Structure formats: C-alpha cells, structure tokens
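Below is one structure, written out as structure tokens; the observations come after it.
The values are calculated or read from the model by the stated rules, or taken from the named source; none is laboratory data. What you see is a predicted model, and the numbers here were worked out from it, not measured in a lab. With ideal geometry, Cβ positions are generated from the backbone for all residues, glycine too; neighbour counts draw on all protein chains shown. These area figures cover heavy atoms from the full protein model, side chains too; ligands, DNA and RNA do not enter into them. Shrake-Rupley method; radii C 1.70, N 1.55, O 1.52, S 1.80 Å.
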Amino acid sequence: MTSPEQSLNYGATITRLSLGMVLLAHGLLKVFVFTIPGTVGFFASLGLPAIVAYLTIFGEIVGGAALIAGLYSRLTALLSLPILLGATWTHAGNGWLFSNEGGGWEFPLLLVVLAIAVAVQGSGAFAVKKVPILNNLIPEALRA
C-alpha cells in the first residue's frame, strides 16, 4: 500500500525519470545510431551471445519507458540491474572517469545506484503505478 507521503515523493520521481530517460536513450541509441547489427557485433566482440544484445536493447527501451510512465518502478529498476551491472563490467577496464577512452565505469555505476534507489523508494509522484490485468502477477512489495 502506498502512503500519501510516498506518492508525493518528488525526489523519487526525479530519480525514476532520470533513470528511465537514460535507459530509453541508450536503448534507442543502440537501435538508431549503432544499429541492431552493430550492437550485436559489439556484444560479440566482448564474447557475449547475440541474445544478450537483443535483451539489452529490449530491456533498455521497455524498461526506460516503463520507468518514465512509473509502471511497476521497483520491479523495473530491479530488472534493469543486470543490464547496468553488465555495462559497469564492460567499462571496468577503461578506468574510473567516463571521459576516458572507451568510457570509464563511473557513469554505469551511477546508474546502478539510481536503479537501487528507485527499487527502494518506489515510483514517487506522477506515476501510472499499475495495470489491473498484470497487477496480480506482480508481488505486492514490487507494485509501487
């Protein structure tokens, strides 16, 4: 159950929207700039199978849109963690600063922290929160 204080938590809203916009932007970047075959090729260069690239694109686009809408934000944030931890791992060898060649791991790690914050705080204000048909499939603790 969401209390009135939680539903008006503007800090949670800003955190959710920030993470959602970054995820959506990165997913669309993989589709429209790097292209899907280019993204699959990059993932292959890391030793990852093509399915990981497709799931990453899907997760970033759908997850980002869900977070922007405020739809099951706790669950969406938790489901984004493997993608974000994978990005942190990918950039780990490039040093700390994201301005380093190949991008360091500071920015992906920040996104991990944002996802954890959303998972802890929930959706905040201005969120759809649920879809009645799906609601019974989602554990109650993850419905905010």
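At-a-glance table
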item: Single unsatisfied condition, Ser123 versus (1) hydroxyl-bearing (Ser, Thr, Tyr); (2) assigned to a helix (DSSP H, G or I); (3) closer than 30 Å to Leu8 by Cα; result: (2)
item: Residue selected from segment 121-138 under the condition open to solvent by 60 Å² or more (accessible area, probe 1.4 Å) and in contact (Cβ under 8 Å) with a residue 12 or more places away in the chain, by the criterion nearest to the chain's Cα centre (by Cα); result: Gln121
item: Elements of type helices (runs of 4 or more DSSP H) contained in segment 34-119, each with 1 or more residues being open to solvent by less than 60 Å² (accessible area, probe 1.4 Å) and farther than 29 Å from Ala12 by Cα; result: 36-45, 50-69
item: Residue satisfying condition, being among the charged types (D, E, K, R) and in contact with a Gly (Cβ under 8 Å, 6 or more places away or on another chain), within set Glu140, Glu60; result: Glu60
item: Members of segment 1-29 found to be open to solvent by 30 Å² or more (accessible area, probe 1.4 Å), at pLDDT 95 or above and more than 16 Å from Ser73 (Cβ to Cβ), listed by number; result: Ala25, His26, Leu28, Leu29
